[in-house]
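Novice: The structure's right below; bear with me while I get my questions together.
The values are calculated or read from the model by the stated rules, or taken from the named source; none is laboratory data. Since we're looking at a predicted model, the values are computed, not measured. Every residue, glycine among them, receives a Cβ derived from its backbone with ideal geometry; neighbour counts consider all protein chains shown. Protein only, heavy atoms only, side chains kept; ligands, DNA and RNA dropped before computing areas. Shrake-Rupley method; radii C 1.70, N 1.55, O 1.52, S 1.80 Å.
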Amino acid sequence: MTRTPVNVTVTGAAGQIGYALLFRIASGQLLGADVPVNLRLLEIPQGLKAAEGVAMELDDCAFPLLRGITITDQAATAFDGANVALLVGARPRTAGMERGDLLQANGGIFGPQGKAINEHAADDIKVLVVGNPANTNALIAQRNAPDVPAERFTAMTRLDHNRAVAQLAKKTGATVGDIKKVTIWGNHSATQYPDIFHAEIAGKNAAELINDQAWLESDFIPTVAKRGAAIIEVRGASSAASAANAAIDHVYTWVNGTAEGDWTSMGIVSDGSYGVPEGLISSFPVTTKDGKFEIVQGLEISDFSRARIDASVGELVEERDAVAGLGLI
Ligand SMILES: NC(=O)C1=CN([C@@H]2O[C@H](COP(=O)(O)OP(=O)(O)OC[C@H]3O[C@@H](n4cnc5c(N)ncnc54)[C@H](O)[C@@H]3O)[C@@H](O)[C@H]2O)C=CC1
Ligand SMILES: O=C([O-])CC(=O)C(=O)O
């Protein structure tokens, strides 16, 4: 059967995440090995030439699933008929720069893109915001797209999720595939809370198996939460291949579903679950099926976990209030 190509828009296509992402999308890893794609690359005018170069290389891969590439600096063109939008283009954090400083710099990008999605995207549009501060950028885009169902706007915490899984594997000697039900709560920032109290390692409760509160507090949580800064420190540039990998994982899981007995972490519009104020874009444990997700309900939250979730959610409230103060939402 010939499938209609899916229109995938990528902003910041000429950046370092873009370079690690586009070839994987075109090879079928974003949506599936039988799903043809049209790529729509949005860049700022200064980025267009480099985007042309990436498109030349995409051509040279002769990907059977890649049906077309459009390069533009016009959001209306880039989002026209978009089914999936990966909002990557943003100002990356550089050494010593705090995430809060990024709000103003990035806020102006995501309002107009939200409006363009509202006006031009396909009815089934799914949006993943990668560009930092991802949760609040997603909130800005979502609030600027009142006609699109709010649950179609998501922010990426899958990199944090994958980092947490990798650290658990390292600590216990288990394989990554044995680790299930890790949760990232809150903001994609240093306040995030990677929660292992419901996680399982080869079917056993991870927190009980490890049984090392000191490691949890002084090693695991800060290692996962500050990994972005650690990569910048060591690599001299922010995470790119691992971020692109997480973006692929996020959309693939959203579209194709979580495995039985597992869940993932996504930044999504809160419905008030777990005391997270309604409307904030915060990370939750979710299961996905048939292109839809549901928050995993009924998890017992200890005082230890509650304090950490509240701290990260508190930061999201501050970011929301800051962008509201700037008139961005
Ligand atoms: N959520 C997450 O887990 C992660 C998020 N990030 C964030 O992803 C973003 C991108 O990172 P990199 O690719 O390394 O940055 P980069 O600086 O290499 O690339 C960004 C690209 O976006 C373009 N751009 C800027 N404004 C644009 C606009 N209005 N429309 C279209 N394109 C625009 C730039 O010209 C540039 O080519 C950063 O904000 C970074 O902090 C990075 C790693 C993980
Ligand atoms: O910290 C940064 O700027 C990049 C990032 O989001 C990450 O690697 O998690």
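Novice: Condition first: open to solvent by less than 20 Å² (accessible area, probe 1.4 Å), within 16 Å of ligand 1 (Cβ to nearest atom) and not aliphatic (A, V, I, L, M). Can you find one or more residues in the stretch 193-211 that meet it?
Specialist: yes
Novice: If you don't mind, another one. Of 300, 233, 217, 260, which residue is open to solvent by 50 Å² or more (accessible area, probe 1.4 Å), within 28 Å of residue 84 (Cα to Cα) and not small (Gly, Ala, Ser)?
Specialist: When all the criteria are applied, what remains is 260.
Novice: Please go through the stretch 213-250 and give me each residue that is without any contact (Cβ under 8 Å) to a residue 12 or more places away in the chain and within 14 Å of ligand 1 (Cβ to nearest atom), ordered by number.
Specialist: 230, 231, 235, 236, listed by residue number.
Novice: In addition: Which residues, counting only those in the stretch 156-167, are among the hydrophobic types (A, V, I, L, M, F, W, C) and within 7 Å of ligand 1 (Cβ to nearest atom)?
Specialist: Selection gives 156, 159.
Novice: Still on this structure: If I go through the stretch 227-239 residue by residue, how many of them are more than 9 Å from ligand 2 (Cβ to nearest atom) and not acidic (Asp, Glu)?
Specialist: Result for the stretch 227-239: 4.
Novice: Let me ask something additional. In the list 198, 161, which residue meets the criterion of being under 14 Å from the mean Cα position of the chain (by Cα), under 20 Å from residue 309 (Cβ atoms) and modelled with pLDDT of 95 or more?
Specialist: 161
Novice: Further, regarding this structure: Considering the stretch 4-33 alone, what residues qualify as being in a loop (DSSP other than H, G, I, E, B) and either more than 11 Å from residue 58 (Cβ to Cβ) or open to solvent by 10 Å² or more (accessible area, probe 1.4 Å) (or both)?
Specialist: Across the stretch 4-33, the qualifying residues are 4, 5, 12, 14, 15, 27, 28, 29, 30, 31, 32, 33.
Novice: Residue 46 fails exactly one of the following numbered conditions: (1) within 16 Å of residue 22 (Cα to Cα); (2) out of contact with any Asp or Glu (no Cβ under 8 Å at 6 or more places or on another chain). What is the number of that condition?
Specialist: All conditions are met except number (1).
Novice: While we're here: Mind telling me which of the residues 112, 149 ends up being over 20 Å from residue 324 (Cα atoms) and either within 13 Å of ligand 1 (Cβ to nearest atom) or of a type outside the set (Ser, Thr, Tyr) (or both)?
Specialist: From the options 112, 149, the qualifying one is 149.
Novice: Name the residues in the stretch 303-328 that are open to solvent by 30 Å² or more (accessible area, probe 1.4 Å) and farther than 16 Å from residue 189 by Cβ, would you?
Specialist: 303, 304, 306, 307, 324, 325, 326, 327, 328
Novice: OK, next. Counting only residues that are part of a helix (DSSP H, G or I), among the small types (Gly, Ala, Ser) and either modelled with pLDDT under 95 or open to solvent by 60 Å² or more (accessible area, probe 1.4 Å) (or both), how many does the stretch 51-76 have?
Specialist: Qualifying residue count for the region: 0.
Novice: Does the stretch 182-192 include one or more residues that are within 12 Å of ligand 1 (Cβ to nearest atom), crowded, with 18+ Cβ neighbours inside 10 Å and in the same structural domain as residue 74 (by the TED database)?
Specialist: Taking every residue of the stretch 182-192 in turn, none turns out to be within 12 Å of ligand 1 (Cβ to nearest atom), crowded, with 18+ Cβ neighbours inside 10 Å and in the same structural domain as residue 74 (by the TED database).
Novice: I'm trying to understand the selection: among the residues of the stretch 263-291, which are in contact (Cβ under 8 Å) with a residue 40 or more places away in the chain, loosely packed, with under 14 Cβ neighbours inside 10 Å and at negative phi?
Specialist: Of everything in the stretch 263-291, just one residue is in contact (Cβ under 8 Å) with a residue 40 or more places away in the chain, loosely packed, with under 14 Cβ neighbours inside 10 Å and at negative phi, namely 277.
Novice: Also, I was wondering about something else. Among the numbered criteria (1) in contact (Cβ under 8 Å) with a residue 40 or more places away in the chain; (2) under 19 Å from the mean Cα position of the chain (by Cα), which one does residue 41 miss?
Specialist: Of (1) in contact (Cβ under 8 Å) with a residue 40 or more places away in the chain; (2) under 19 Å from the mean Cα position of the chain (by Cα), only one is false for residue 41: (1).
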